[in-house]
Amino acid sequence: NDMLWVGLSLTSPYGLVTDPRDNWAGQVYSRSSKIFSLNANPVLGIKINDWISVAAGPSLQYFDIRLKRAAAVTPGAPSVILDGDDIGFGFTAGVTLTPFAGTSIGIGYRSRIDHELEGTVTAPGSRIPIGSDLTTPDQLTIGISQAITPALTVHAGFEWTNWSVLETPLVTGPGGVVVTDLPLNYNDGYFYSLGFDYKLTNQLTLRAGVAYEESPIDTEIRSTRLPDNDRIWASVGASYQWNTKLSFDVAYTHIFSKETDIRIVPGQQDYEGLPFVADVDASTDIVTVGLRYRWDDPAVAIPAAPFVRKY
């Protein structure tokens, strides 16, 4: 009704694949790296009055990790494979404020989730069960949308991700013996965005935006598995309202990554007696196509549009 909403999102908040050739200069530090997550988040929202609404809900998350590296520097060396997964629980909560006509402010929080990963480490001639405690970060998002004219709306967003909770998870085998560790030690991440919607016609809306993302990774901790760095997002998109219930969305994003160095030398956290020095040139293209169908009556319901988008 006009005061109560229920929702459900299925997302993949953490995902990564890096897959170099098996035989390459950094193979003792990494071969393929794969991380997959699936998060189910039911939410209950309540409109308290005309200017404030709140929402919250539990979050169930499946997390799976598979990391490979070479057992030796020689070409064709067998791999050491770490594999583990777990299901953890957390929550999300948020508030939406509409203090003035045409102004919307959204504040959202996603909690950290503790995972007790269970799996195996497979090495030449051995396979042992392992466990590791890993915490995915909590996140705070703040966004504001301001209608400038009936056709033009401007959006600004800020996002903080508490990547520093990762630290260095220990991987233990039978009897609690430490088998290895995962030196992450990330900094916190920050994301700043600015964009706009322009309603060209009653059916067609155009969008564009830019964003700057501060990576949680710097040269002191940068690994061959994830040679990440600060980056700029540039995006364009459009929505077409077919009728009151059905709409289509399309968007394109190009991510410009800052010039990046990998310096695994004495004193760097990944160093294991073999220096590795490299330069990374990376960019990303994202194409998104979406379809939205509403079962409610849009004439009386508040549009279910996000207040912060990664343009």
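The values are calculated or read from the model by the stated rules, or taken from the named source; none is laboratory data. A quick note: this is a predicted structure, and the numbers were derived from the prediction, not measured. Here the Cβ positions follow ideal geometry from the backbone for every residue, glycine too, while neighbour counts run over all protein chains shown. Surface areas here come from the heavy atoms of the whole protein model, side chains and all, with no ligands, DNA or RNA. Shrake-Rupley method; radii C 1.70, N 1.55, O 1.52, S 1.80 Å.
Restricting to Cα atoms and excluding each atom paired with itself, what does the Kirkwood estimate give for the stretch 159-214 in Å?
15.2 Å
Do you know the relative contact order of the chain, to the nearest whole percent, from alpha carbon pairs under 8 angstrom that are 6+ apart?
11 percent
Can you tell me the equivalent ellipsoid semi-axes for the stretch 11-165? Use √(5λ) from the Cα gyration tensor, largest first, whole Å.
Those come to 44, 19, 10 Å.
Note down the relative contact order for the stretch 81-165 as a percent, whole number, built from C-alpha pairs under 8 angstrom at least six residues apart.
27 percent
Nearest 0.05, what FRET efficiency do residue 109 and residue 52 give at R0 = 22 Å with Cβ-Cβ as r?
0.85
Express the carbon and sulfur contribution to the solvent-accessible surface of the chain as a percent, rounded to the nearest whole number, probe 1.4 angstrom.
Answer for the chain: carbon and sulfur cover 62 percent of the accessible area.
State the number of lysine pairs found in the chain whose Cα atoms come within less than 22 Å, restricting to pairs 8 or more positions apart or on distinct chains.
4
Among 25, 295, 152, whose Cα sits farthest toward the positive end of the charge dipole of the chain (+1 at Cβ of Lys/Arg, -1 at Cβ of Asp/Glu, about the Cα centre)?
295
Compute the accessible area per residue over the chain, keeping the other protein chains in place, probe 1.4 Å, unit Å².
Heavy-atom SASA per residue in the chain reads 55 Å².
Counting every Cα pair in the chain, what percent are over 33 Å apart?
Counting every Cα pair in the chain, those more than 33 Å apart make up 35 percent.
How many Å³ per residue does the convex hull of the Cα positions in the stretch 40-100 occupy?
117 Å³
Work out how far the C-alpha atoms of the stretch 99-160 reach from end to end along every principal axis, then list the three figures in whole Å, largest first.
69, 20, 13
Tell me the accessible surface of residue 30 in square angstrom (1.4 angstrom probe, heavy atoms of protein chains only), to the nearest ten.
Residue 30 has an accessible surface of roughly 0 Å² with all protein chains in place.
Order the peptides 139-146, 7-14 from the highest to the lowest mean number of other Cβ atoms within 10 Å of their residues.
The densest-packed peptide leads the list: 139-146, 7-14.
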